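The values are calculated or read from the model by the stated rules, or taken from the named source; none is laboratory data. All values reported here derive from a predicted model rather than from experimental measurement. Cβ placement follows ideal geometry from the backbone for every residue including glycine, while neighbour counts extend to all protein chains displayed.
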Amino acid sequence: MNPLTSFCQSLTWTEVAAGIWKAEAGKPEAYTLLRAAGVSPNIAAISAIGEATFPFERDEIVVEIRDGKTYVRLPLAREEQVYGFGLNFQTVHQRGKVMQLHVDHYGNKDNGRTHAPVPFYVSSRGYGVFVNSARYLDIYAGAAVRKDSKHPPEAKDRNTDTTWSSRPYSDAVEILVPAAGVELYIFGGKEPLQAVQRFNLFNGGGCLPPRWGLGFTQRVHRLYTADQVTNEAEEFASRKYPLDFIGLEPGWQSKSYPCTFEWDKTRFPEPAKFVQQMLSKGIRINLWTNPYVSPDASMYEKILPYTGSHTVWVGVVPDLTMPEAQTIFFSQFEKDHVNIGVSGYKIDEVDGYDTWLWPDVATFPSGISAEQMRQTYGVLVQKYSTDMFRKNNQRTYGLVRASNAGASSFPYVIYNDNYSHQDFITGLVNSGFSGVLWTPEVRASKTGEEWLRRMQSVCFSPMAMINAWADGTKPWSFPEVAKQVQEIAMLRMQMMPYWYTAFARYHFQGIPPFRAMNLEEGFTQKAVSVVEKTSLGENPYVEAVTKEIKDQYMAGEYLLVAPMFAGQATRQVVLPTGNWYDFYTGKLAGNGEVITVAPGLDKIPVFVKDGGIIPLMPPLLHAPKSGQKVDLEIRHYGEKPGRYLLYDDDGETYNYEKGQYSWREIRVEKQQNGQFKGSISKAEKNKPDSIGKVTWRFMTN
């Protein structure tokens, strides 16, 4: 066949689960994102969402195979907005963007080079599109105009027409796949959230961390010794700051960059004893590593035949698509780490940059290309490390620098080396579109105000973490706000029943625990086009930009969080339709309007949906252990009756996959005398029951 020949593909769409359709164009490659992840769809949970209609006229989706590449074109309506395309840090609206989806360290531009370049986008019209390719994909998200467009833009005279734009209206999303075929998936829904749910459930459902993973974590200085770690844990306890797991940074290894994965016996002379002593204090150990094997590692000679042609910092790169490499690599992790009680990992540097990661000219013994390996390496290390803990029936929760589609069920949170607080929040907003988790970690600050504002954000995120690997900061490093930091950390602990249930909904229903306002019912953003005043001589291509909500988000079923940044005394909050109430006081905040709040330094603005139910537990210093009963204070907000399903299991094992879990129904109803009354269903026989005494607090009087 002439490689320059162009073929239009006639697509056959097959419904592979309720509201999910698949089509193949050309000859799709065998190695894909879904194959790398190796997870199974939750068909029953997808069916529970309900039926959906195919969102396009089938002939509107055009696919051509040309020059050995696949060109995909999908229609866009005039008022349609698109979200997703991976973990972005500066923008929520992706229409009009040109990007290449490429695993990389975030370089301060939303251009597709990011830690999780997930090739999935969601439309404001309620559907989603997924391209199951492990290649670098070129995306034109309503950014190019064909001369045969069915809805062409009007040609305008720039000299006389003030509405002229250098970026005229485009009616399509166009995707270039550098392969002679591809798998495409369409996810239907009545609203965008349903498409996201289906996508997450098709990827195995969201992760369900252990309870301790939702507690507080401190990553200590990179050169700490066992004694210094122990002393720091004791200081947390004496000062009454919560702490569930400690992260050891590179110095725990005998050598790192590249790594031996072996304990440095000068800093940790008795690793097993140290780990067990920490566990006896209720604190777990998490180990930093990157997967590049030092010539001094004991596994080096064994794994060498199963590594790529190029090194990273002179460490060889295991080909983790090969069972031999998986066995050699993770068997040492299991023997030296997991079997002595280590609870998880921080997997670094699987994201880029081009200057130090393996180049695209690299080869791997499996035959997988360097490009495909780069797009999936973060997924592979998540998968096989999770499998290692699963084999021991222990849940884990860790950190990773790269991910992609298929990894929703893996218990890892993404982080990076950027440190913009504003970008961190936008990343958290965007994470919910792409089936990944992101943490706005805290490292250092110039002032106590900045420190407190960052701590407030991190306590309303997937992982409440200080990363002190470089400077050794502590929660109390700024004495002037130490009390407020302690209070927000303890609030994080009090809210654990709420957070745990939010993650259970992520696992069983596919609903992201942290998500954009655009996925919230009743949120109607009034897009306003503005043109910054500037001289055309200075900027001849000045354009209108659409304002977007990227600094507030939904957390769990009922909460709207609006972080404050250093230097802010007030901020605006956009409330969806319906009454919303102040989390702290229960007072009405507004209904479908933009409000201005001035919370003071001590509080992060949080609002609760009318009828919202928030279960709280006592402010413990450690997450409840398996079988430990905790009392609940159940708060109700607003004037509407409320209903909430509270999740429970043992909090540590995978026994929930065998049915060992329960949903306790909480109801709040208004009595004839106008007062509210709450009830909670009884625990099921032979099912987990960690609830002790229950008290009620009706916040809105």
(message) Take the residues in region 612-657 that are among the small types (Gly, Ala, Ser) and not in a strand (DSSP E or B); name whichever of them is farthest from THR396 (Cα to Cα).
(response) GLY638
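Yes/no matrix, rows are residues, columns are (1) outside the structural domain of PHE583 (by TED's automatic domain parsing); (2) modelled with pLDDT of 95 or more; (3) touching an Asp or Glu at 6+ places or on another chain (Cβ under 8 Å); (4) not charged (D, E, K, R):
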position	(1), (2), (3), (4)
MET617	yes, yes, yes, yes
LYS629	yes, yes, yes, no
LEU645	yes, yes, yes, yes
GLU652	yes, yes, no, no
VAL668	yes, yes, no, yes
ASN673	yes, no, no, yes
LYS685	yes, no, no, no
GLY692	yes, yes, yes, yes
(message) Checking the conditions here, which among GLU334, GLU301 is of a type outside the set (Lys, Arg), more than 28 Å from the chain's Cα centre (by Cα) and at pLDDT 95 or above?
(response) GLU301
(request) Sort out which residues of region 416-441 are over 16 Å from the mean Cα position of the chain (by Cα) and not in a loop (DSSP other than H, G, I, E, B), and write them in order of number. (result) HIS421, GLN422
(message) Condition check: in contact with a helix residue (DSSP H, G or I) (Cβ under 7 Å, 6 or more places away or on another chain) and either part of a helix (DSSP H, G or I) or of a type in the set (Phe, Trp, Tyr) (or both). Does VAL379 satisfy that?
(response) yes
(message) Is it the case, given these coordinates, that ASP354 is at pLDDT 95 or above and of a type in the set (Asp, Glu)?
(response) no
(message) Looking at the structure I just gave you, is VAL338 surrounded by fewer than 24 Cβ atoms within 10 Å (Cβ to Cβ), closer than 18 Å to PRO210 by Cα and of a type in the set (A, V, I, L, M)?
(response) yes
(request) For region 60-78, name all the residues that are in contact with a Leu (Cβ under 9 Å, 6 or more places away or on another chain) and either farther than 23 Å from ILE175 by Cα or outside any strand (DSSP E or B) (or both). (result) GLU60, ILE61, ASP67, GLY68
(request) Look at ALA444 and say whether it is in a loop (DSSP other than H, G, I, E, B) and without any contact (Cβ under 8 Å) to a residue 60 or more places away in the chain. (result) yes
(request) Check off (1) outside any strand (DSSP E or B); (2) surrounded by fewer than 24 Cβ atoms within 10 Å (Cβ to Cβ); (3) touching a Phe, Trp or Tyr at 6+ places or on another chain (Cβ under 7 Å); (4) of a type outside the set (Phe, Trp, Tyr) for GLN90 and give me the number that stays unchecked. (result) (3)
(request) Could you identify the single residue in VAL122, VAL129, VAL173, VAL182 that is assigned by TED's automatic domain parsing to the domain that holds LEU34, under 27 Å from TYR415 (Cβ atoms) and either among the hydrophobic types (A, V, I, L, M, F, W, C) or assigned to a strand (DSSP E or B) (or both)? (result) VAL122
(request) Filter region 343-387 down to the residues that are surrounded by 24 or more Cβ atoms within 10 Å (Cβ to Cβ) and of a type in the set (Ser, Thr, Tyr), then identify the one that is farthest from GLN276 (Cα to Cα). (result) THR376
(message) Just to check your reading of the model, which residue among LYS69, LYS109 is without any contact (Cβ under 8 Å) to a residue 40 or more places away in the chain and either at negative phi or in contact with a Lys or Arg (Cβ under 9 Å, 6 or more places away or on another chain) (or both)?
(response) LYS109
(request) For LEU193, indicate whether it is outside the structural domain of PHE130 (by TED's automatic domain parsing), outside any strand (DSSP E or B) and at pLDDT 95 or above. (result) no
(request) For residues that are part of a loop (DSSP other than H, G, I, E, B) and either modelled with pLDDT of 50 or more or more than 18 Å from ARG167 (Cα to Cα) (or both), tally how many sit in region 516-532. (result) 8
(request) Confirm whether VAL668 is of a type in the set (A, V, I, L, M), assigned to a strand (DSSP E or B) and surrounded by fewer than 17 Cβ atoms within 10 Å (Cβ to Cβ). (result) no
(message) Here are the criteria: (1) part of a loop (DSSP other than H, G, I, E, B); (2) touching a helix residue (DSSP H, G or I) at 6+ places or on another chain (Cβ under 9 Å); (3) more than 17 Å from GLY215 (Cβ to Cβ); (4) without any contact (Cβ under 8 Å) to a residue 60 or more places away in the chain. Tell me which single one SER461 does not satisfy.
(response) (3)
(request) Using the structure shown, decide if PRO153 is touching an Asp or Glu at 6+ places or on another chain (Cβ under 9 Å) and surrounded by fewer than 21 Cβ atoms within 10 Å (Cβ to Cβ). (result) yes
(request) List every residue pair whose Cβ atoms sit under 6 Å apart, with the two residues 6 or more apart in sequence or on different chains, where the first one lies in region 577-589 and is part of a loop (DSSP other than H, G, I, E, B) and the second, anywhere, is among the acidic types (Asp, Glu). (result) GLY578/ASP610
(message) Step by step: first the residues of region 684-701, then only those that are under 23 Å from HIS507 (Cα atoms) and in contact (Cβ under 8 Å) with a residue 24 or more places away in the chain, then the one that is surrounded by the most Cβ atoms within 10 Å (Cβ to Cβ). Which residue is that?
(response) SER690
(message) Could you list, ordered by first residue, the pairs with Cβ atoms under 6 Å in which the first is in region 632-652 and farther than 18 Å from GLU684 by Cβ and the second is hydroxyl-bearing (Ser, Thr, Tyr) and not in a loop (DSSP other than H, G, I, E, B), at least 6 apart or interchain?
(response) GLU633/THR695; TYR637/TYR581; GLY638/TYR581
(message) Which pairs turn up if I take residues in region 502-514 that are more than 16 Å from SER47 (Cα to Cα) and at pLDDT 95 or above and look for partners that are of a type in the set (Asp, Glu) and assigned to a loop (DSSP other than H, G, I, E, B) with beta carbon separation below 7 Å, at least 6 apart in sequence or on another chain?
(response) ALA502/GLU557
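To keep it simple, each residue is scored yes or no on (1) under 30 Å from TYR647 (Cβ atoms); (2) surrounded by fewer than 21 Cβ atoms within 10 Å (Cβ to Cβ); (3) modelled with pLDDT under 95.
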residue	(1), (2), (3)
THR534	no, yes, yes
GLU538	no, yes, yes
TYR553	yes, no, no
GLY556	yes, no, no
LEU560	yes, no, no
PHE565	no, yes, no
THR570	no, yes, no
GLY578	yes, yes, no
LEU588	yes, yes, no
(message) Based on this model, can you work out whether THR321 counts as in a loop (DSSP other than H, G, I, E, B), surrounded by fewer than 16 Cβ atoms within 10 Å (Cβ to Cβ) and among the polar types (S, T, N, Q)?
(response) no
(message) Among the residues of region 650-689, what is the count of those that are β-branched (Val, Ile, Thr) and farther than 18 Å from ILE613 by Cα?
(response) 1
(request) State all residues of region 230-258 that are part of a loop (DSSP other than H, G, I, E, B) and within 30 Å of GLY315 (Cα to Cα); if no residue qualifies, say none. (result) GLU249, SER254, LYS255, SER256, TYR257, PRO258
(request) Quick one: count up the residues across region 94-103 that are part of a loop (DSSP other than H, G, I, E, B) and crowded, with 21+ Cβ neighbours inside 10 Å. (result) 1
